[in-house]
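Here's the structure, in structure tokens; my notes come after.
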Amino acid sequence: MSGTVRLDRLLANLGYGSRSEVQQLVRLGVVMLDGRTADDASIGVSITADLPARLSVDGQPLDPLPGIALMLHKPVGATCSHKEVGRLVYDLLPPRWRRREPALSTVGRLDKETSGLLLLTDDGALLHRIISPKKHVTKHYVATLARPLRGDEAARFAAGTLMLEGETKALAPAVMEILSSISARVIVTEGRYHQVRRMFAAVGNHVEALHRDRIGGLGLPADLGPGEYRQMSPADVAAIFS
Ligand code: URA
């Protein structure tokens, strides 16, 4: 977002309310811009990176401007969906962020029982750069298995010929490293439905627990606990593609 935007439109797009609700906030005198109470909801606000420091609502700095990218430590049990019943990953963010326009979306999905690094953004170009098969961004998982590894799994995953049940196109080669007799690290570049669970099913095993700890060169920070999120810095975004 750049240039100048009407104050009421800016606040409405950030989820503070409908146009008329944010006009009411301005009338109530709770919107401060550049050290003064804003008294006209139709004024043009110049969009600068420091706007959250210049503009406050109810004494709180303005929410992050559009172009936001987040990393979230997805806990087991939360669903990557805007509308399914039950606990959604979006419930882990401030409620106002559900009403942002452009909307925040997950970058790909983790299934309900999978934990770990999940990215969210309202930047469609960034989302497509991360999920585009052409970019070959790797996704790193740790799988805990129901049965001991047989020993041939890494070769079968690397072959580029493994077929998942119900599919007609073989998987691209994937890397598997043995961590213990019942756990392995798997590195994939595709994002097929329940891919890692189905890869182990295809070699006669069953995934009991699955955790993603890295996307490209971006690791899940050790201090980001399950359910916690953080805004990504430009360096974090660059790390994905490094
Ligand atoms: N593979 C899976 O099986 N589940 C995920 O959530 C991600 C990759």
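With the alpha-carbon atoms as the only input, what is the per residue convex hull volume for the chain in Å³? Display every interim value, and only then the final one.
Details: hull volume 34.0 nm³, N = 242.
Spread over its residues, the Cα hull of the chain gives 141 Å³ apiece.
Cut-off under 22 Å on the C-alpha distance; same-chain residues fewer than 8 positions from K139 excluded. Which lysines are left, in chain and number order?
Excluding near neighbours in sequence, the set is K74, K112, K169.
Out of residues 5 or more away from R6 or on other chains, whose amide H comes under 5 Å of its own, with H placed 1.01 Å from N in the peptide plane?
For R6, the qualifying residues are V45.
Which of the three applies to region 84-142, rounded, prolate or oblate, going by the alpha-carbon gyration tensor with a ≥ b ≥ c and a/c under 1.5 meaning rounded? Don't skip to the answer; put the middle values down first.
Details: a/c = 2.71, a/b = 1.24, b/c = 2.18.
Verdict is oblate for region 84-142.
In the Gaussian network model of the chain, springs joining C-alpha atoms below 10 Å, which of E21, E113, E190 carries the largest mean-square fluctuation?
The residue that fluctuates most here is E21.
Where the only charges are on Cβ atoms (+1 Lys, Arg; -1 Asp, Glu), what is the dipole of region 44-196 about its Cα centre, to the nearest 20 debye?
Working: 20 positive and 16 negative charges, 27 e Å.
Once rounded to the nearest 20, the dipole reads 140 debye.
Taking the 0 to 90 degree range and rounding to the nearest ten, how far is the long axis of helix 19-28 tilted relative to the main principal axis of the chain, both from C-alpha atoms?
For helix 19-28, the angle is close to 50 degrees.
All of the numbers you see were taken from the coordinates with simple rules; none came from a lab. The structure presented is a predicted model; accordingly, all values stated were derived computationally and were not measured. Cβ sites come from the backbone with ideal geometry, for glycine too, and all protein chains shown count toward neighbours.
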